[in-house]
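Following: one structure in C-alpha cells, then a few remarks.
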Amino acid sequence: MIVAFVLLAAATATPPAPAPPPSHAGHASSPDGKAVPLFTDLGTYHRAISSKNPTAQKYFDQGLRLLYGFNHDESERAFREAARLDPACAICWWGVAVTLGPNINLPIDPERNARAVEAVARNAAIAIPPIRRRTAADRSKGMHSV
C-alpha cells in the first residue's frame, strides 16, 4: 500500500518551472535571426565609445570582453549588434574586423578575410577623417622658399 501511494505521488507531482538563465540581461536579434545575448557575467571592463546608444555601448564592451577571452565568434556577434544599434559607430566595425583577423587559435582563411575586409570598408565609410596636425615644418612652408 505504501509503495502504491509513493508511486501515485511521484506520478502526479509537477516539476518546478525552470529558472531563466542568470547570465543574460536581454536579447536582441542579429541579421541572421538568432538572438544576440547580452551577458552580465563577463566582468566589468568598459571602454567608452562615441555612441549615444547605451545598449550599443554595452554590446561593444561585451565584444571586447569576449575578444579578450578568445571567444571570437561571439565577440563578432556582439560588435555587429552594437553596429546595428548605432549605424554611426565606426569602432564597432573595427571590432568586427579585429575578431575576424588571425589569432593564436585560428589562422586567417579566405572567407573570414573577406568578411574582415568588408568590416574595414564599413568602418572607413563612416569614420570621421582625422584632423591633420600641422607641424612647425608645415607652417613654415609658406614662409620660406626652397
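Looking only at the range 62-104, count every residue that is in contact with a strand residue (DSSP E or B) (Cβ under 6 Å, 6 or more places away or on another chain) and among the basic types (Lys, Arg) and tell me the total. Number satisfying all stated conditions: 1. Screening the range 67-89 for residues that are of a type in the set (Gly, Ala, Ser) and surrounded by fewer than 19 Cβ atoms within 10 Å (Cβ to Cβ) and picking the one that is nearest to the chain's Cα centre (by Cα) gives 69. Cβ-Cβ distances below 6 Å connect the following pairs, each with a first residue in the range 57-74 that is without any contact (Cβ under 8 Å) to a residue 60 or more places away in the chain and under 11 Å from residue 45 (Cα atoms), a second residue that is of a type in the set (A, V, I, L, M, F, W, C) and in a loop (DSSP other than H, G, I, E, B), and a separation of six or more residues or different chains: 60/49; 65/42.
When each of 48, 56 is tested for being surrounded by 13 or more Cβ atoms within 10 Å (Cβ to Cβ) and either in contact with a strand residue (DSSP E or B) (Cβ under 9 Å, 6 or more places away or on another chain) or at pLDDT 90 or above (or both), the lone residue that passes is 56.
The values are calculated or read from the model by the stated rules, or taken from the named source; none is laboratory data. In this text the structure is predicted, and so the values were computed from the model without any measurement. Glycine also receives a Cβ, built like all others from the backbone with ideal geometry; neighbour counts cover every protein chain displayed.
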